[in-house]
Amino acid sequence: MFIKPKEQRVEVLIDVQNLYHSAKNLYKTKVNFNEVLKKAIAGRKFIRAFAYVVRTKTGEEKAFFEALTKLGIETKVRDLQEFYGGAKKADWDVGIVIDAIRTAPGVDVVVLCSGDGDFIPLVEYLKNQGKRVEIIAFKRTTSSKLMEVADEFLDMGENLRSFLLKKND
């Protein structure tokens with residue numbers, strides 16, 4: 001296990017849709033984002049955290065967005081796109097990549113909370129810039145190549161009691 005120096009400056013980027021759908025599909029419950037943030041920081045210098053979220057027409061997620069803000073997580077909100085024929089799209093990948101590249105000079109460690117293999121080039125880029133890149137996600141829904149290229153992978157599935165909310169929360 002890598003000892004995490006307390007002086008490392010850490011930024012956390014949370015792909016909310018990725019973790020939300022993994023928790024819902026695998027375990028029929030929700031993610032404890034407070035615990036995700038704590039594990040990501042791991043006693044180091046917390047610089048910033050961004051949660052990339054999607055707003056639906058109903059607005060039912062407003063309380064969730066407020067809860068993230070109370071944890072010290074900045075929310076980046078995008079409206080759910082609905083296409084003719086019923087298809088829906090809510091993709092934050094490009095936004096996450098741009099933020100990571102834009103803010104990386106001010107941090108030592110980027111913790112990406114997503115299992116999406118689309119982020120492999122980002123991880124490789126950040127590592128080439130001398131950044132440590134850690135991934136937090138559910139192993140069962142994470143790209144094996146993403147786990148491979150990261151400096152560290154934390155499987156949320158190994159500690160479900162911490163990372164998931166109880167069914168009635």
Can you list the lysines whose alpha carbon is less than 21 Å from that of Lys70, not counting same-chain residues fewer than 8 positions off? Lys30, Lys38, Lys39, Lys45, Lys62, Lys166
Amide H proximity to Ala51 below 5 Å, modelled H, separation 5+ or other chain, gives Ile14, Glu74, Thr75, Lys76
Exactly which GluC sites (Glu not before Pro) in segment 25-62 are in a DSSP loop and have at most 11 other Cβ atoms within 10 Å? Glu60
DSSP beta bridges in the chain [antiparallel fraction, %, rounded to 5]: 10 percent
Report the one residue of Gln17, Phe33, Phe138 whose Cα lies farthest in the direction of the positive end of the charge dipole of the chain (charges on C-beta: Lys and Arg +1, Asp and Glu -1; origin at the Cα centre). Phe33
What order do you get for Val12, Val54 when you list them from fewest to most C-beta neighbours inside 10 Å? Val54, Val12
Fewest Cβ neighbours within 10 Å first, please rank Leu19, Leu26 accordingly. Leu26, Leu19
Listed with the fewest Cβ neighbours within 10 Å leading, Val110, Val149, Val31 appear as Val149, Val31, Val110
In segment 1-81, which trypsin sites (Lys or Arg not before Pro) fall in coil by DSSP and have 14 or fewer other Cβ atoms within 10 Å? Lys6, Lys28, Lys57
What size of dipole, in debye to the nearest 20, comes out for the chain about its Cα centre when the only charges are +1 on Lys and Arg C-beta atoms and -1 on Asp and Glu C-beta atoms? 480 debye
Loop-located chymotrypsin sites (Phe, Trp or Tyr not before Pro) in segment 64-169, at most 11 other Cβ atoms within 10 Å (DSSP): Phe83, Tyr84
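Since every read-out is calculated from the coordinates, none of them should be taken as a lab result. Just so it is clear, the model here is predicted, and its values are computed rather than measured. All Cβ positions, even for glycine, are placed from backbone atoms using ideal geometry, and neighbour counts span all protein chains on display.
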